[in-house]
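Q: Got a structure for you, questions after.
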Amino acid sequence: MHKIDFNRDPVFKQVFTCAPNAIALVSIDGMIRKVNPSFYETLGYTEQEAEGLALQEITHPADWPGVSKRLDEVLSGNESFDEIEMRCFQKNGNLIWTSARISIVRDETASPLYFILHMIDISEKKATHQRLLEIEDMYNMISQNAQDIITFVSPDGKIQYVSPSICDLLGYEPEELIGRESMELNHPDDLLQIQSTSLIDQNIFTYRARHKNGTYIWLETATKLIRDEQGHLLNILGIGRDITERKMYQDSLAEAQHIAALGSWEIDFLEQKITFSDEFFHIYNLPKNSLPTDPTALITLIHPEDQAQFKAFTDQARRGGPSSLEFRNLQPDGSIKYMQIRVSVLFDENGRATRMNGTTQDITERKLNELKLQESVERYNSLKKYNHDAVISLDVHGKIINTNEMAAKLTGHSIAEMRGQNISKFISEQNVSHILSHSMEDLTAERNINKIRHRDGHDVEVLVTIAPIIINKQNAGYYVIAKDMTEQKALLIAKEAAEKTNKAKSEFLAMMSHEIRTPMNGVIGMTDLLLNTTELDDEQQEYVEIIHKSGNTLITIINDILDFSKIEAGKTELQMQSMDIRDCIAEARDVLLPKATEKDLYVEIDVPPDIPRALLGDYDRIKQIMLNIIGNAIKFTLSGGVTIRVEDGGSENGRRQLKFTFKDTGIGIPKEKLIYLFDPFHQLDSFMTRKSEGTGLGLAISRKLVELMSGDIWVEHTDELGATFVCTIWLKELEDESKPTHFPADEEPAALKPLKILIAEDNEINQIILTKMIEKMGHITSIVENGNQVIRALAYDRYDIIFMDVRMPEMNGIEATRQIKDMLPPEQIPYIIAVTANALKGDREKCLEAGMDDYISKPIKTGIIFEIIEKYQKQIQPAIR
């Protein structure tokens, strides 16, 4: 080999010397002749040590054939710029990988001079590549053998790769799915959730995937986004695991929690996070995932009044304290649920709480039952403790289980002394046996016990009730409830005596009413006839008028006393009928108008047109109120007059309120007398100096009647002259406002034919009075003296009306009426008018119940007889031929 001379080519020398890679000049026979400084850095040989070495010595034996072949190719003129990889031994014996490129230098005659060998250390690159190969082999092994499904999905959702495990889990060969949409395998119900979830670098999805046979399995897939260096999404890596069994377990657990109304949760104190089960949200009636993950959020679920207790419980639980607590939860709708929390706390080696697992159970139903039971127990204890009767509970053998204070008082023994004693100590053995053997079937057992023995030996009279104690449908004993009848018996005796006295008083009043009214009927009736049928001189006229006035005054006093007695006893009943309040006030005014005219007083009535013309009420009682108040106003008014105003008080529940105001210009009422105004028997004037007659009952009766009509009455205090009385009453409304049964006093009746009227009266004076009054009206009369004669008269003749005295010898009027109703056909029965001197509670009702059509009480006045006959004549007249 020619000696290498760098002087001939200084450029080559410069490149050779400064090149960063190892360069060796190798002779044609394979010996190293010269190396550059980088050769030392790569293989560790100095220039002197390298010269004379054969290239084969530093080349790995396995790689030398390839290197030798490349040398021959270059020598033969087939030069290539391809690099070859070869392993070389360093001076220290280590083996490195190099990337070598071989070229040849020739002289002017093209004869080869030497080889140039460029070497680059690629050991690190080669090691990295080897590791990648190993990783690839490992990945292939994992993907080929993994039970999980490994997928690569493109950003547009196309499957690019799927591991062979897809075959075992879903029945598909990987080749069947490559290029298909990944969503095709999802259950339709899960698509919306998956599509609505935004892509993040790492996420976990739980969904159902369709098997090739059409069934579905549950998968839990962790995803990872694969991006390039610029952050662009390349692929989505997914690793899915079959969690079907776990899901079934979780569903079963969730169902069990739902059935038990049990929600679970877990607090990680190190991470300060809390997680909840689905049932937890259901129990609290909250949207899923609506709670923050901060553990302090739990306190917001607690009723405000229980929050302090709950916080103290959790603090103590973290120190190893109690593990259970009941509290209230305020639901979003404002209702309250009762909850029970149970916790288990995990501690580290230092005793510090790291995790708390807990369950919360809805115990509302149980708690409400407990509260009801507690309430029942408290009610029972209160009932027993504060009962005015003795309450003794027995077992099935008659032994006393418990009792109350009243039982101790009744027997003279303390409660402690009575417990455990047999009830036979206080009642007879026979009664005890009767209770234990028959009380459930025979309730009369309690009637045999009427006495209980006291400690001091005397018997206390009692009224006993026995009740079985039923527990779980079994008779567990008995309650003996005993009422001390000592005081009640005394009251009963007093009551019987009072009732006898009251009955005697009623009978006396009835007798007095009859005895007074009968002669008064003669006095008033005869004076009425004298005034209307006889020509009297002035003196006689004055005397008769005085007698007539005195009689009317006396009967008014009697009526007031009887009226007040009935009202005070609560025996007054309202007689409801259709009426026009205008007619009622006008009729009362017309009765009192002569007195007002005599004193030159005006009486004005103001009824607005919007007041209904047909309301349902007691016409006569309302007129009585009007007469009392208007009469008083006229009585105490010397000049001016009286104004009556009616106002509509509104409608409510089918009733209408009317407000009446009576204002006069009289002497007024002293303020200090107002509190006594409606008291019975009280008059504004003193008894000895008063100028006005009467009982002083008019306003008291008016107040009672107003109260019966759900109203009120009072006097308005004003600075004006006179007095103002105000009262309200309630009347029922009518759907059809038909024409009222009463008519204005000035309406002229139509001309009608005479009626045949039978007078049944045993008193001769009353016979004369009735006959004269009726015949004066143009009607035909007949007289009988008892009920038997009434029956005989009807057997031979027909009558339109019978005025039937209630009290007659042989057969009274009530019995005669019953027989007439039974004997005659309806079209032949005359109208029967009861005539009686009685005016007490029940008289009118008895008459109407017997079949009588109307009722008048003595003394009888011409006006009343006229009204009665006119009332029924209009109904009889169409039948008169």
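Q: Hey, could you check the range 221-251 for residues that are part of a helix (DSSP H, G or I) and polar (S, T, N, Q) and say which is nearest to ASP278 (Cα to Cα)?
A: Per the stated criteria, the residue is GLN250.
Q: Hey, another quick one. Only one of these conditions is not met by SER38: (1) touching a Pro at 6+ places or on another chain (Cβ under 7 Å); (2) touching a residue at least 60 places away in the same chain (Cβ under 8 Å). Which number is it?
A: Answer for SER38: the failing condition is (2).
Q: Quick one: count up the residues across the range 617-654 that are in contact (Cβ under 8 Å) with a residue 60 or more places away in the chain, surrounded by 17 or more Cβ atoms within 10 Å (Cβ to Cβ) and not polar (S, T, N, Q).
A: Total satisfying the criteria: 11.
Q: If you don't mind, another one. Among (1) over 22 Å from ILE122 (Cα atoms); (2) modelled with pLDDT of 90 or more, where does ILE32 come up short?
A: All conditions pass for ILE32, except number (1).
Q: Please verify whether the range 159-173 includes one or more residues that are polar (S, T, N, Q), in the same structural domain as ARG227 (by TED's automatic domain parsing) and either surrounded by fewer than 16 Cβ atoms within 10 Å (Cβ to Cβ) or at pLDDT 85 or above (or both).
A: Yes: one or more hits.
Q: From the residues in the range 390-439 that are among the small types (Gly, Ala, Ser) and under 20 Å from GLN474 (Cα atoms), which one is surrounded by the fewest Cβ atoms within 10 Å (Cβ to Cβ)?
A: Looking at residues that are among the small types (Gly, Ala, Ser) and under 20 Å from GLN474 (Cα atoms), I get SER437.
Q: Whether any residue in the range 305-319 is under 33 Å from the mean Cα position of the chain (by Cα), more than 14 Å from ASP362 (Cβ to Cβ) and modelled with pLDDT under 85 is what I want to check.
A: No, the range 305-319 has no match at all.
Q: Considering only residues that are buried (at least 20 other Cβ atoms within 10 Å of the Cβ) and within 23 Å of PRO112 (Cβ to Cβ), which ones fall in the range 37-52?
A: Result: PHE39, ALA50.
One line per residue, one yes/no per condition, for (1) modelled with pLDDT of 90 or more; (2) outside the structural domain of PRO670 (by TED's automatic domain parsing); (3) of a type in the set (A, V, I, L, M, F, W, C):
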position	(1), (2), (3)
ILE729	yes, no, yes
LYS739	no, yes, no
PRO744	no, yes, no
GLU748	no, yes, no
GLU764	no, yes, no
ASN812	yes, yes, no
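Q: Inside the range 248-298, can you point out the residues that are more than 33 Å from the chain's Cα centre (by Cα), under 12 Å from GLY358 (Cβ atoms) and modelled with pLDDT of 80 or more?
A: GLU266, ILE267, ILE274, THR275
Q: If I filter the range 799-830 down to residues being surrounded by 12 or more Cβ atoms within 10 Å (Cβ to Cβ) and among the charged types (D, E, K, R), which single residue comes out as farthest from the chain's Cα centre (by Cα)?
A: Out of the qualifying residues, it is GLU810.
Q: May I ask you to list the residues in the range 144-195 that are among the small types (Gly, Ala, Ser) and over 20 Å from THR244 (Cβ atoms)?
A: SER154, GLY157, GLY179
Q: Right, something else. Within the group SER99, SER68, which residue is at pLDDT 90 or above, surrounded by fewer than 17 Cβ atoms within 10 Å (Cβ to Cβ) and assigned to a helix (DSSP H, G or I)?
A: SER68
Q: Taking the residues in the range 846-863 that are in a loop (DSSP other than H, G, I, E, B) and basic (Lys, Arg) as candidates, determine which candidate is surrounded by the fewest Cβ atoms within 10 Å (Cβ to Cβ).
A: Out of the qualifying residues, it is LYS861.
Q: Scanning for something assigned by TED's automatic domain parsing to the domain that holds ILE470, touching a helix residue (DSSP H, G or I) at 6+ places or on another chain (Cβ under 8 Å) and on the phi > 0 side of the Ramachandran plot, does the range 398-412 turn up at least one residue?
A: Yes, that holds for at least one residue.
Q: State whether the residues of the range 622-638 include one that is touching a Ser or Thr at 6+ places or on another chain (Cβ under 8 Å), in a helix (DSSP H, G or I) and among the charged types (D, E, K, R).
A: yes
Q: Taking the range 207-247 as the search range and keeping residues that are exposed (fewer than 13 other Cβ atoms within 10 Å of the Cβ) and of a type in the set (S, T, N, Q), which one is nearest to the chain's Cα centre (by Cα)?
A: Of everything passing the filter in the range 207-247, THR215 is nearest to the chain's Cα centre (by Cα).
Q: Something else about it: Working only within the range 348-365, note down all residues that are part of a strand (DSSP E or B) and β-branched (Val, Ile, Thr).
A: THR354, THR359, THR360 - these are the residues of the range 348-365 that are part of a strand (DSSP E or B) and β-branched (Val, Ile, Thr).
The values are calculated or read from the model by the stated rules, or taken from the named source; none is laboratory data. Since we're looking at a predicted model, the values are computed, not measured. With ideal geometry, Cβ positions are generated from the backbone for all residues, glycine too; neighbour counts draw on all protein chains shown.
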